[in-house]
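Engineer: My structure is below; once you've seen it, I'll send some questions.
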Amino acid sequence: MAVLWCTEALPLAITAMLPVCLFPTLGILPSNKVCPQYFLETNFLFLSGLVMASSIEEWGLHRRIALKVLQIAGVKPAWLILGMMLTTSFLSMWLSNTATTAMMLPIANAILESLFGDLETLKQKCKTTENAENGQCSLKLHSLPSEKQVLSTDGMEEMEQSDRITAKEIREESEYQMKVWKGFLICIPYSASIGGTATLTGTAPNLILIGQLKSYFPDCDLINFGSWFAFAFPLMALFLILGWIWIAFLYGGLNTRLCIKKQDERTQAEARAKAIIDEDYRKLGPIKFAEGAIAFFFVLFAILLFTRDPKFITGWSVFFEKGYVSDAVTGVIIISVLFFFPSQKPSLSWWLNPQSSNTPYVPLLTWKKAQESVPWNIILLLGGGFAMAKACEESGLASWIGGHLQPLAQVPPAAAVILITAFLACFTEFASNTATIIIFLPIVAELAIRISVNPLYFMLPATIGCSYAFMLPVSTPPNSIAFASGHLVVKDMVKTGIVMNILGILSISLVINTWGMAMFDLGTFPDWVHHANKTGALMDVASVPALNATL
């Protein structure tokens with residue numbers, strides 16, 4: 001299954017269903033234990049997040065949020081890149097990373113065209129002026145005034161003075177603008193991948209962690225929506241700021257052109273870009289009843305998930321039987337309301353006078369729309385991962401592999417965290433992050449038990465590290481979408497992504513050894529691991545003869 005997932009010789013969802021065929025026939029697990037793994041409560045939580053996202057997309061609330069943030073951020077290259085990254089990461093916390101990237105790229109292109117003109121013209125200037133550089137021939141620059149052209153209040157006089165500039169200057173300025181353009185395009189898929197790690201429903205590996213924790217360690221209730229957010233959101237914010245500094249530095253957003261003394265040099269160009277954003281926002285019109293309703297349910301959805309059992313305070317789940325109400329229950333309650341809540345404000349006069357006209361009833365979300373929007377293949381992929389984890393547990397494979405990793409016991413746990421995160425961040429460049437975490441999470445958990453380390457100390461960094469795939473276009477769908485625009489080359493992504501990977505690994509290491517250590521008491525070996533071993537959730541070493549021989 002790992003080979004098929006990595007090579008995609010079969011569709012990922014078809015590979016995910018192989019356990020239903022193979023585990024019973026090979027005598028690994030009976031079908032009545034395999035099939036329920038495909039729709040655990042974790043899948044329901046994922047489904048509720050996807051349905052909520054489809055309702056947000058249906059009424060355009062995500063576009064309104066995006067444009068509003070860009071209005072606030074301003075249009076200077078560095079600040080605009082930051083605005084793009086903040087908007088994309090926020091949306092990808094709730095929407096799929098792929099949908100967020102697909103929505104943000106056209107907005108970015110429209111802003112860039114208002115700043116620098118047509119991209120093809122810009123490319124042509126980069127090419128045509130190279131041959132003329134040595135001749136110092138003078139050419140007239142007809143494109144949008146650049147940052148090297150001073151646009152003061154009496155800009156017409158200064159434009160006449162700088163109307164004829166050398167071919168070398170044109171090429172240098174065009175190359176700078178192309179760099180900024182690439183920076184805009186590359187920051188969007190990266191921030192989508194970073195943002196998805198902040199919430200439990202943001203990306204599939206987070207949910208696989210929850211599912212496998214419940215399978216291996218039934219008594220571990222430390223991770224839920226609220227506690228994950230408290231741990232992962234500061235990490236996301238830290239990495240996003242570091243990523244912004246690196247991308248803005250690499251692609252020309254941070255340099256002397258943005259110094260305070262030159263801040264009005266691009267007044268006209270920036271005004272055009274701001275006008276584009278303002279015009280797009282104006283076209284949306286006032287907030288509609290449906291948008292307001294979706295925003296209300298979205299906020300309610302988030303608040304209820306955060307406050308169910310946040311661990312540091314008493315949550316509302318105490319009003320119910322212990323262990324009965326989970327995050328999945330919360331999510332399904334909210335999305336069920338969307339299917340009957342009206343999308344237009346009901347007419348109150350109709351209640352007083354049945355003869356008066358009433359607005360037509362259209363719910364906020366129809367099942368047809370939800371069915372079209374939900375990627376059912378990902379739900380099957382999650383199920384395949386849970387089935388594989390169950391089989392690793394029952395057969396003793398995880399224990400056997402963990403025993404062979406015993407030499408890593410000599411490595412300090414803090415260094416092991418860096419090694420595990422770096423390995424998985426590299427591996428996921430070539431395989432889907434979902435397949436990567438499915439394959440390696442049981443091994444990581446067993447390794448932690450072998451060296452008497454809290455399993456969460458290894459499992460949390462491994463899970464987040466699987467989302468840090470920045471170097472190749474094939475690493476993630478957002479990377480592929482940005483690369484498909486035709487304005488990026490593989491070299492751009494590798495050069496930017498390798499430093500992003502290093503920053504991500506260091507950020508995870510910092511976070512897991514600071515507030516992560518305090519939140520989840522990672523410095524101790526927990527009782528729920530001992531209980532899992534006693535109940536057979538993880539096979540004892542003595543039950544694996546091959547492992548005994550090895551040890």
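Engineer: What are the extents of the Cα atoms of the range 414-515 along their three principal axes, listed from largest to smallest and rounded to whole Å?
Structural biologist: The Cα atoms of the range 414-515 stretch 49, 25, 18 Å along their principal axes.
Engineer: Loop only by DSSP, 16 or fewer other Cβ within 10 Å of the Cβ. Give me the trypsin sites (Lys or Arg not before Pro) in the range 308-338 that pass, ordered by residue number.
Structural biologist: Loop-located and lightly packed - K311, K322.
Engineer: Quick one: order D527, D280, D521 from most to least accessible surface, probe 1.4 Å.
Structural biologist: D527, D521, D280
Engineer: Here is a follow-up. Measure off 7 Å from each Cα along the Cα-to-Cβ vector at K495 and Q410, then give the distance between these two points in nanometres to one decimal.
Structural biologist: Simple spin-label model gives 4.1 nm for this pair.
Engineer: Also: What's the extension gain from A518 to C21 if we count 0.36 nm per residue and subtract their Cα-Cα distance?
Structural biologist: Net length gain for the segment: 174.5 nm.
Engineer: So, in nm, how far is label Y281 from label F233 when the simple model puts each one 7 Å beyond its Cα toward the Cβ?
Structural biologist: With each label point 7 Å from Cα toward Cβ, the separation is 2.3 nm.
Engineer: Counting pairwise Cα distances across the range 391-470, what percent come out greater than 16 angstrom?
Structural biologist: Above the 16 Å cut-off, the range 391-470 has 47 percent of its Cα pairs.
Engineer: Full extension from I14 to W316: what is 0.36 nm times the residue separation minus their Cα-Cα distance, to one decimal in nm?
Structural biologist: Separation in residues times 0.36 nm, less the Cα-Cα distance, equals 104.7 nm.
Engineer: What distance in nm lies between label points placed 7 Å from Cα along the C-beta direction at A271 and I241?
Structural biologist: So the label points at A271 and I241 sit 3.5 nm apart.
Engineer: Moving on to the next point. Leaving ligands, DNA and RNA out of it, rank R272, R64 by accessible area with a 1.4 Å probe, largest first.
Structural biologist: Putting R272, R64 in descending order of accessible area: R272, R64.
Engineer: Shifting gears a bit: Please report the orientation-averaged projected area of the range 477-520, defined via the convex hull of its C-alpha atoms, in nm².
Structural biologist: Over every viewing direction, the Cα hull of the range 477-520 projects on average to 4.0 nm².
Engineer: Please list, in chain and number order, the residues 5+ apart from D309 or on another chain whose amide H is under 5 Å from its amide H, with Hs placed from the backbone.
Structural biologist: G226
Engineer: Turning to a different aspect of this structure: Take the cross-link list K182/K368; K368/K390; K283/K345 and give me the ones stretching past 27 Å between alpha-carbons.
Structural biologist: K182/K368; K368/K390
Engineer: Then there's this: On a full-extension model of 0.36 nm per residue, what is the gain between S336 and L510, subtracting their alpha-carbon distance, rounded to one decimal in nm?
Structural biologist: Once the chain is fully extended between S336 and L510, it gains 58.7 nm.
The values are calculated or read from the model by the stated rules, or taken from the named source; none is laboratory data. Since the model is a prediction, treat every value here as computed from it, not as a measurement. Virtual Cβ from ideal backbone geometry, glycine too; neighbours counted across all protein chains shown. Keep in mind that these areas ignore ligands, DNA and RNA; they rest on the heavy atoms of the full protein, side chains included. Shrake-Rupley method; radii C 1.70, N 1.55, O 1.52, S 1.80 Å.
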